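Visitor: Structure below; questions to follow.
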Amino acid sequence: MVETVLVTGGAGYIGAPLCEELLAQGKAVRALDSLLHGQADIAADLRAKGVTLVEGDLRDQAARAEALQGADAVVHLGAIVGDPACALDPELSEDVNVRASHDLIDEAAAAGVQRWIMASTCSNYGRMADPTVPITEEGELAPVSLYARQKVGVEQRLMTEDFGQMIPTCLRFATVYGVAPRMRFDLTVNEFTRDLWADRELEVFGEQFWRPYVHVKDAGRGVVAALTADPAIAGKQVFNVGRSGENYRKLDLVHEIGRQTDRGTVSYVKRDEDPRDYKVSFDKIREVLGFETLMTVPDGIGEILRGLDEGVFGDPFAGKFKNIP
């Protein structure tokens, strides 16, 4: 039974709520985070709640060794996250997302870790020939970005190699949204909601493109579901994390935000910047792990609007709310 969990990227967007959820589940929680985005206040809050947080870089072997002490499970969220951030410095992203990930996999297996949960992405599906048919975990992978190609490569190793007592599971998250301690406004739902709330003109390209979405807290709940499941069921498996009814076109998001606020204007532009277009099936995680999300995109839009109205984010356009400040 898993008792002590190391969360890499533990002070991040998904990581901080996940650490709190694991504590609520009675787990001892360790975290490794470089605090790249200025999350000193989040780190202090996690420590006050009982998380053992190691401030360090994933590329640093000593930091990895310290973080791994006593862990019998690893949730690997730490990464240079997202297509734009990886494109900005491809070599850095290879160092962190690929080389350091492989090093940590080897070190965790050697240290006696029992379970490995890898954070991957539905971006691995890329641009589908027929995006109206939801793709399953067994569908063809067609990554169109460096970030997704890196995730696919690590996934393939985890699913094909034998790591002794360490049993891996890969989770392909839908595009994440919602309010969290390390808030991000560079994710589609969050960004669109902020811009229209601020009465700005929102430029939308690829408005007919499909994408699945999952609330940040549900993403963490999906991790816990995989972590606490019988390894005979969840081990050496890939699960999409989200809900089948939460596939939306960008056009649908704009309409829902417009239903909840009358601010801002929208213009639709043609641009070839992001060709990802896919609908995803989440039947497997529901049927195999019994996992279902609790939040919907309309719920998330509402909570973001309330936070903006109440001023809880300060300046929502500040650089700290983006992975590329």
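The values are calculated or read from the model by the stated rules, or taken from the named source; none is laboratory data. Given the structure is predicted, the values throughout are model-derived calculations rather than measurements. All Cβ positions, glycine included, derive from the backbone under ideal geometry; neighbour counts span all protein chains shown.
Rundown of residues vs (1) in contact with a Pro (Cβ under 6 Å, 6 or more places away or on another chain); (2) at pLDDT below 95; (3) not in a helix (DSSP H, G or I), yes/no style:
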position	(1), (2), (3)
ARG182	no, no, yes
PHE185	yes, no, yes
ASN190	no, no, no
ASP199	no, no, yes
LYS217	yes, no, no
GLY220	yes, no, no
VAL224	no, no, no
LEU227	no, no, no
PHE239	no, no, yes
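Visitor: Whether any residue in the stretch 47-54 is under 24 Å from GLU155 (Cα atoms), modelled with pLDDT of 95 or more and either surrounded by fewer than 20 Cβ atoms within 10 Å (Cβ to Cβ) or aliphatic (A, V, I, L, M) (or both) is what I want to check.
Guide: No, the stretch 47-54 contains no residue that is under 24 Å from GLU155 (Cα atoms), modelled with pLDDT of 95 or more and either surrounded by fewer than 20 Cβ atoms within 10 Å (Cβ to Cβ) or aliphatic (A, V, I, L, M) (or both).
Rundown of residues vs (1) among the charged types (D, E, K, R); (2) loosely packed, with under 14 Cβ neighbours inside 10 Å; (3) modelled with pLDDT of 95 or more; (4) assigned to a helix (DSSP H, G or I), yes/no style:
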| position | (1), (2), (3), (4) |
| --- | --- |
| ARG30 | yes, no, yes, no |
| ASP45 | yes, no, yes, yes |
| LEU58 | no, no, yes, no |
| ALA63 | no, no, yes, yes |
| VAL75 | no, no, yes, no |
| GLU91 | yes, yes, yes, yes |
| ASP103 | yes, no, yes, yes |
| ALA108 | no, no, yes, yes |
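Visitor: Further question: Condition first: free of Cβ contacts under 8 Å to residues at least 60 places away in the same chain, aliphatic (A, V, I, L, M) and in a helix (DSSP H, G or I). Can you find one or more residues in the stretch 118-126 that meet it?
Guide: no
Visitor: Additional query: Do we have any residue at all in the stretch 261-276 that's in a loop (DSSP other than H, G, I, E, B), farther than 30 Å from ARG200 by Cα and charged (D, E, K, R)?
Guide: So far as the stretch 261-276 goes, no, none of its residues is in a loop (DSSP other than H, G, I, E, B), farther than 30 Å from ARG200 by Cα and charged (D, E, K, R).
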